[in-house]
Each structure stands twice: as C-alpha cells, then as structure tokens.
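The values are calculated or read from the model by the stated rules, or taken from the named source; none is laboratory data. No experiment lies behind these values; they were computed from the predicted model shown. Cβ atoms come from the backbone with ideal geometry, glycine included; neighbour counts cover every protein chain shown.
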Amino acid sequence: MEINEIIDITEDLKKRDPQIREVSPIHVTGSATITSEKVTFQLHVTGKLILPCSRTLVDVDFPIDVKSTEIFLLNPSVSYDVEEDIEIHQSDGDVVDLDPVIIELLLLEIPIQVFSEDAKDDKHLPSGKEWEVVTEDQVKQDENNKENKVDPRLAGLAKFFDEQS
C-alpha cells in the first residue's frame, strides 16, 4: 500500500513542545506492507518547523526530512527479531494510528539550539543597557589582553622588578 498524505499536526506538536512557533503541513510518503501479524511502514516525513533562535529569539525556519521504519504488531502475543533502529508499536485493536509516531519523529529532530543567519554573524549579537552577548572568541581575546596589561595599582612594583634585573 502506497502512502502519500499531507497532515496537519500543528496543535499536537505545539502542546508537546511549546517552543515550536509554527508547523507547516507535513508531507508523509512511503509504503506499508501488511500481513496477518504486523504492518511495516517505510516512512519519509518532510515539512518545516518555525523555532526561536537561541540568541535573538527571532523566527528560524527549520526544515524536516526524516526517514523511518515503523512496525505495528497486530497480534501482541507474537514476538519478532528486528534490527536495533526499528521501532515496534502495538496497534489499538484493528486501528493503526501513525499520528503519534510522526509527532515523536518530528520532536526527536528538533535540535537543542537553533541559530538564525544573523545570530551566526557576530556583528548582530543582541545587547542592552550595560550588557551584551559575547562569543567564546571574544572572551578568549579579552583574557589574552588582560594577561598583557599590568594593573595600575601594581605598576610601581613592576618597575621595581625591571630595575633589579
């Protein structure tokens, strides 16, 4: 059986992860192999999520492109040996609902941090009154500059050691 559907799971995804701002219609393609004991799905899920940038909080388009193999057992008393990366699900009677599986696949694709193109460029980092976001490179550069500078309170002591050398 061939699968080619566009689904709208925006509300379900937003309930599970409040950082998701928007979800495009999700395109699910693939195939299903049905036997008397199980249904095996070869899925390809594509779409787009809008997530907040970790630095600037602006909207970032995050494309989704996931391939997965999912098995639904129709007879829970039968056990199967399958590969490690294949998920096995129990069917609810005679009904196989792919929505929870697709939602789980999408949630697993969301990275911990997402950066907009402006945030990747150090020139556009946010700042405010008496604060600013700095990069690791800027912190290292500041540390190197501090090592080369002499505290003005100790400047006389530095001259003392220079005179004795």
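Looking at the stretch 9-16, can you tell me whether even one residue there is exposed (fewer than 14 other Cβ atoms within 10 Å of the Cβ) and either polar (S, T, N, Q) or in contact with a Ser or Thr (Cβ under 9 Å, 6 or more places away or on another chain) (or both)?
Looking through the stretch 9-16, none of the residues is exposed (fewer than 14 other Cβ atoms within 10 Å of the Cβ) and either polar (S, T, N, Q) or in contact with a Ser or Thr (Cβ under 9 Å, 6 or more places away or on another chain) (or both).
Does any residue of the stretch 86-103 turn out to be at pLDDT 85 or above and under 14 Å from the mean Cα position of the chain (by Cα)?
yes
Working only within the stretch 1-36, note down all residues that are out of contact with any strand residue (DSSP E or B) (no Cβ under 7 Å at 6 or more places or on another chain) and within 24 Å of ILE71 (Cα to Cα).
Those that are out of contact with any strand residue (DSSP E or B) (no Cβ under 7 Å at 6 or more places or on another chain) and within 24 Å of ILE71 (Cα to Cα): ASP8, ASP12, ARG16, ILE34, THR35, SER36.
Among the residues of the stretch 110-147, which ones are under 30 Å from THR29 (Cβ atoms), surrounded by fewer than 15 Cβ atoms within 10 Å (Cβ to Cβ) and either over 20 Å from the mean Cα position of the chain (by Cα) or at pLDDT 85 or above (or both)?
Matches in the stretch 110-147: PRO111, ILE112, GLN113.
Restricting the stretch 36-59 to residues that are assigned to a loop (DSSP other than H, G, I, E, B) and touching a residue at least 12 places away in the same chain (Cβ under 8 Å), which is farthest from LEU106 (Cα to Cα)?
Across the stretch 36-59, the extreme among qualifying residues is SER36.
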